[in-house]
Each structure stands twice: as C-alpha cells, then as structure tokens.
1. Is region 62-80 home to any residue that is of a type in the set (F, W, Y) and modelled with pLDDT of 95 or more?
2. Is it the case that region 45-67 has a residue that's of a type outside the set (A, V, I, L, M), part of a loop (DSSP other than H, G, I, E, B) and over 16 Å from S7 (Cβ atoms)?
3. Being part of a strand (DSSP E or B) and over 10 Å from the mean Cα position of the chain (by Cα) is the filter; apply it to region 93-121 and report the residue that is surrounded by the most Cβ atoms within 10 Å (Cβ to Cβ).
4. Just give me the residues in region 122-151 being small (G, A, S), out of contact with any helix residue (DSSP H, G or I) (no Cβ under 6 Å at 6 or more places or on another chain) and surrounded by 10 or more Cβ atoms within 10 Å (Cβ to Cβ), in sequence order.
5. Please go through region 69-79 and pick out each residue that is assigned to a helix (DSSP H, G or I) and free of Cβ contacts under 8 Å to residues at least 40 places away in the same chain.
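The values are calculated or read from the model by the stated rules, or taken from the named source; none is laboratory data. Worth saying up front: this structure is predicted, and the values here are computed from it rather than measured. Using ideal geometry, Cβ is built from the backbone for each residue, glycine included, and neighbour counts are taken over all protein chains shown.
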Amino acid sequence: MSVASVSVQAQDFDPAAETERLTAGRADVGAVVTFAGLCRDEAGALEVLEIEYYPGMAEAEIGRVAAEAESRWPLLGLRVIHRHGLIRPGERIVLVAAASAHRSAAFEAAAFLMDYLKTRAPFWKRERRVDGGAGGWVQAKDTDEAAAGRW
C-alpha cells in the first residue's frame with residue numbers, strides 16, 4: 001500500500017500543516033524530514049519564475065518516483081507538492097516531506113526525491129527578468145546532475 005501523496009498545484013502550501021497531516025495520530029513515526037524549495041531572486045534580476053507542466057503526466061511521473069522511494073526505504077508517509085504557474089522570488093515552489101521510524105531513511109528518501117525533482121521531473125521553468133530582458137529556460141546544473149547520479 002502506497003504511503004505517498006503527490007500534488008501539482010498553483011496555490012501555495014503550508015509545510016507545517018503538511019507535516020502535521022503526515023504525523024497526526026501516529027506513534028510509529030520517529031522522524032520527518034522536510035524540504036521546502038523557494039524561488040530565488042537571482043541577485044535582484046528575477047521578476048518571476050514561470051513553471052509549466054503537462055497535467056496528469058507530471059503527477060504520474062512523480063508518483064512513479066515516489067513509489068521507487070517507498071521500495072528503497074521504509075517510509076511511513078511521503079508528501080510531494082510542486083507548484084506551477086508564476087512564482088515570485090521568496091515564494092515556495094516545492095515540498096518534499098518524508099516520514100519514517102528512523103531519520104536515515106527519511107533523510108535519504110527526501111534527498112532522492114529532491115534530486116529527481118531538480119533534474120528529471122517533467123516541469124519547464126522560464127525566467128522573466130526585472131529589466132524586461134528575455135529570460136531563458138532554466139536547465140539543471142552540473143552539480144544537480146552529479147547529485148542525482150548517486151542514486
């Protein structure tokens with residue numbers, strides 16, 4: 001039985017509320033690792049980050065990778081949220097929350113999912129610049145690819 005919940009949504013989310021939902025009424029959870037990714041302003045040059053995706057495909061693919069995380073680590077709960085649309089600097093983009101009886105499984109599962117989301121998830125990100133200049137499509141960095149390669 002899957003413990004994962006995946007959402008792709010335009011609206012913001014509350015990391016504390018999501019963590020509470022993972023652990024409410026549970027005495028078997030010993031660790032929850034959360035990662036909330038925020039939009040950077042790129043030294044004041046970024047006005048907004050535009051995130052596009054294919055509805056249905058993105059959720060299914062993230063769900064597939066979440067199931068892989070469940071097969072690798074003994075997870076008791078897993079929540080993945082990725083936003084789409086126009087995200088301004090300082091706003092949240094992504095949340096991964098992994099719950100397990102022990103911290104090592106929660107840390108590793110969260111890192112695995114974030115490495116996947118950063119490099120291979122089916123999202124397209126384009127920068128809109130403050131100066132009105134053409135912002136480019138955002139690509140995964142070599143360091144992101146190297147981190148994902150460990151899995």
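1. Checked region 62-80: at least one residue is of a type in the set (F, W, Y) and modelled with pLDDT of 95 or more.
2. No, region 45-67 contains no residue that is of a type outside the set (A, V, I, L, M), part of a loop (DSSP other than H, G, I, E, B) and over 16 Å from S7 (Cβ atoms).
3. Ranking the qualifying residues of region 93-121, first place goes to A98.
4. G133, G135, G136, A146, listed by residue number.
5. Residue satisfying the conditions is S71 alone.
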